[in-house]
Amino acid sequence: MGKRIREQMVRLLLEQKEGYVSGEEISQRLDCSRTAIWKHINELRNEGYQIEAKPKTGYRLVYRPDRVAPEELIPHLDTKYIGRKVRYQRSVASTQPLAHEWAKEGAVEGSLFLAEEQVAGRGRMGRMWHSPTHSGIWMSLILRPQIPLNQAPQLTLLTSVAITRALRKQTGLNIRIKWPNDLLIDGKKICGILTELRGEQDQVHYVVQGIGINVNATESVWPEELKLIATSLAIEAGKTFSRPELIGAICGELEALYEGYLNHGFAPIRILWEQYATIIGQEITVRTGLHSVKGIAKGLAENGALLLETNTGVQTIYSSDIEV
Ligand code: BTN
């Protein structure tokens, strides 16, 4: 019932185009009380609609969110298997455990778990990942590569390259990679990747790659501490983007690079990663457990580790971004 009224309300707001529709008109046309209207307006806002309320004038629809449901995604997919099997829920705690369950049930390679909102989104190192409704891409991708466990970090690097390429093409923004796998615009984070896996030393069983991208978020949806370090594609470009279209583009880049990786190894990915990375040739400090090492970032080793030139010679740094 409430859903139907909200749909009618959106239609009414859309009819007004640039103008406002008064509370009284909504109340008459939808045959509901002013209190009920207020409740529905707030629910629409929780679903990502931006509705301006002007005293004595009425309501105006400023932004209508898109959805990442499978029927919206399929028209934008040009892949053989990545994103071809989708599970979708409007709101979840986190897409990660749901993707793990699905993988254990036998989900095929390329299966994708998508949500509009995560109420307990997970970041790396036990941090939380803020995932407000309809404002970003919150998804977990299942891969089943025939590789040993110690090569798994290469997959995270591959994914960061694929997302960088897709987002650069779609938005024209100068997106760069911060080692190991944060995507930044002018030093502010727009995307994080969380790789989790199950396997034995000589064979990965499956990998769940959690991908979080701030797409159409405005600063108002973030807590204060995030505003300093995070940004979104919409903030940077001054316009919103279709999330299903971006997901389609990411799946396309991912499949192309993943196929290349399975057939030709990590070397081509390494070259691309170094091209987009922020730190090559720069002095950086890397924290490895309790210690920190200072040096010049030279590039990636064949296995995906970072080569750091220090006073005592070149050191190989492994990222701690894989959770087993
Ligand atoms: C990071 O700390 O940079 C990694 C963030 C990863 C966030 C994504 S959003 C989809 C998936 N589900 C989660 O709970 N986390 C990952």
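The values are calculated or read from the model by the stated rules, or taken from the named source; none is laboratory data. Keep in mind it's a predicted model, so treat the numbers as computed, not measured. Heads up, the Cβs are rebuilt from the backbone with ideal geometry, glycines too, and the neighbour counts pull from every protein chain shown. These accessible areas exclude ligands, DNA and RNA; they are computed on the full protein's heavy atoms, side chains included. Shrake-Rupley method; radii C 1.70, N 1.55, O 1.52, S 1.80 Å.
Volume of the convex hull of the stretch 2-63 (Cα atoms only), normalised per residue: 72 Å³. Of Arg144, Arg64, Arg198, the residue with the largest accessible area leads and the full order is Arg64, Arg198, Arg144 (1.4 Å probe).
When nucleic acids and ligands are ignored and a 1.4 Å probe is applied, Ile284 ends up with an accessible area of around 30 Å². Based on every Cα atom in the stretch 123-268, Rg and the maximum pairwise Cα distance Dmax equal 15.4, 47 Å. Distance from the C-alpha centroid of the stretch 171-207 to that of the stretch 272-307: 15 Å, rounded to the whole angstrom. Think of a 1.4 Å ball rolled over the protein heavy atoms: the chain then has 48 Å² of accessible area per residue.
Here the chain carries DSSP beta bridges of which approximately 85% are antiparallel, counting only pairs with both residues inside. Computed over the chain, the P(r) curve from all C-alpha pair distances, binned at 20 Å from the origin, holds 30, 52, 16, 2 percent per bin.
Evaluated at q = 0.13 Å⁻¹, a Debye calculation over the C-alpha positions of the stretch 1-106 (equal weights, vacuum) places log10 I(q)/I(0) at -0.63. Heavy-atom accessible surface of Tyr81, to the nearest 10 Å², is about 50 Å², with a 1.4 Å probe and all protein chains retained.
When Leu307, Leu290, Leu197 are compared by accessible area of protein heavy atoms, the largest-first order is Leu290, Leu307, Leu197, using a 1.4 Å probe.
Estimated from helices alone, the mean residue ellipticity of the chain at 222 nm is -10500 deg cm²/dmol (sum of -39500 (n - 2.57) over DSSP H runs with n ≥ 4, per residue). Over the stretch 98-241, with every protein chain in place, what whole percent of the accessible area is carbon and sulfur at 1.4 Å, could you tell me? Carbon plus sulfur share of accessible area: 50 percent.
A Cβ-based charge dipole, computed about the Cα centre of the chain with Lys and Arg at +1 and Asp and Glu at -1, lands at about 640 debye. Computed over protein heavy atoms with a 1.4 angstrom probe, the accessible surface ordering of Asp202, Asp182, largest first, is Asp202, Asp182. Surface calculation, 1.4 Å probe, protein heavy atoms: Arg90 sits at approximately 110 Å² accessible.
When the C-alpha to C-alpha distance is required to be over 26 Å, the pairs from Lys188/Lys298; Lys178/Lys294; Lys54/Lys188; Lys39/Lys239 that qualify are Lys54/Lys188; Lys39/Lys239.
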